[in-house]
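The values are calculated or read from the model by the stated rules, or taken from the named source; none is laboratory data. Everything numeric here is computed off the predicted structure, so don't read it as measured data. Cβ: placed from backbone, ideal geometry, glycine included. Neighbour counts: every protein chain shown. Accessible surface areas use protein heavy atoms only, side chains included; no ligands, DNA or RNA. Shrake-Rupley method; radii C 1.70, N 1.55, O 1.52, S 1.80 Å.
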Amino acid sequence: MRQRNKPWADTYLLEHTNLVIPNPSEYKNKWQELFGNSNPVHVEIGTGKGQFITGMAKQYPDINFIGIELAKSVIVTAAQKVTESGQSNIRLINENAENVMDIFGSNEIATIYLNFSDPWPKNRHEKRRLTFHAFLKRYEDVLNPSGELVFKTDNRGLFEYSLVSFSNYGMVLKEVSLDLHQLNDPENIMTEYEEKFSAKGQQIYRCKAAFKK
Ligand code: SAM
């Protein structure tokens with residue numbers, strides 16, 4: 001994701017603390033309370049500019065969506081998109097996904113989405129991949145027993161790596177698609193990267209996996 005310096009980002013975030021939650025660990029085990037309902041909580045990691053989460057929130061008004069995005073200069077764009085959408089079932093968090101266990105309680109989440117995660121192709125960067133086993137351990141803790149991890153990418157190398165990582169971890173693969181757009185899934189909401197890469201003719205891969213809990 002190309003990141004431009006946005007000097008106004010800090011001020012913008014301070015003015016939108018109802019949407020971009022400044023101290024997310026304060027809401028550990030209390031996210032439904034924050035949303036004011038008992039709807040399931042779905043989390044997207046690496047939300048980028050917010051197209052997916054905004055589209056999903058519109059499609060599923062009875063689900064609470066939380067987007068985690070590391071880059072401040074990117075999350076402000078997502079925040080603008082969410083504000084324009086008027087969707088009240090979205091919150092954003094400017095954090096590293098490494099910290100999900102500080103932010104969410106055990107079993108607090110129903111679904112985690114990883115969309116077009118950075119591939120980190122060099123072996124020495126394996127630990128940074130969001131499907132590395134240390135990340136899976138964190139997801140396992142916060143996902144409820146019927147929870148799912150939904151992973152989409154255009155990157156074949158990362159997809160292959162991730163399937164092996166899920167399998168080595170003992171996860172159950174519930175769906176594997178090597179060409180998602182061939183399925184014409186009417187519920188598929190495209191991310192910014194998905195639009196960009198599929199327009200270039202690249203296949204989109206998707207896997208849905210669950211932990212044995
Ligand atoms: N999901 C969007 C899409 O599909 O259009 C953006 C994809 S972009 C390649 C990956 C995004 O993940 C970037 O915005 C990056 O800042 C974010 N990211 C990478 N590592 C992260 C981490 N450890 N925690 C939270 N966000 C992360």
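Details
- Top-ranked residue in the stretch 96-116 [being of a type in the set (S, T, Y) and away from the ligand (no atom under 13 Å from the Cβ); ranked as least open to solvent (accessible area, probe 1.4 Å)]: T111
- Matching residues, the stretch 117-136, being more than 9 Å from the ligand (Cβ to nearest atom), touching a Phe, Trp or Tyr at 6+ places or on another chain (Cβ under 8 Å) and either part of a helix (DSSP H, G or I) or within 16 Å of I66 (Cα to Cα) (or both): E126, H133, L136
- Selected residue (criterion: farthest from the chain's Cα centre (by Cα)) from residues of the stretch 172-213 that are part of a loop (DSSP other than H, G, I, E, B) and within 12 Å of the ligand (Cβ to nearest atom): I204
- Output for the stretch 65-96, where each listed residue is of a type in the set (D, E, K, R) and in contact with a Gly (Cβ under 7 Å, 6 or more places away or on another chain): E69, K81
- In the stretch 1-24, residue farthest from I63 (Cα to Cα) [restricted to those that are polar (S, T, N, Q) and more than 15 Å from the ligand (Cβ to nearest atom)]: T11
- Candidates Q87, Q80: the one that is over 17 Å from V41 (Cα atoms) and away from the ligand (no atom under 12 Å from the Cβ) is Q80.
- Test: residue in the stretch 152-171 that is assigned to a strand (DSSP E or B), more than 21 Å from I63 (Cβ to Cβ), more than 15 Å from the ligand (Cβ to nearest atom) and in contact with a helix residue (DSSP H, G or I) (Cβ under 7 Å, 6 or more places away or on another chain): no
- Contact map, the stretch 105-134: residues that are free of Cβ contacts under 8 Å to residues at least 60 places away in the same chain paired with residues that are crowded, with 21+ Cβ neighbours inside 10 Å, Cβ distance under 6 Å, separation 6+ or inter-chain. Pairs shown: P119/L158; T131/S162.
- All of K152, K122 fail the test of being within 12 Å of the chain's Cα centre (by Cα) and either open to solvent by 50 Å² or more (accessible area, probe 1.4 Å) or among the basic types (K, R) (or both), apart from K152.
- Conditions (1) open to solvent by 10 Å² or more (accessible area, probe 1.4 Å); (2) closer than 19 Å to F116 by Cβ; number of the one not met by I93: (1)
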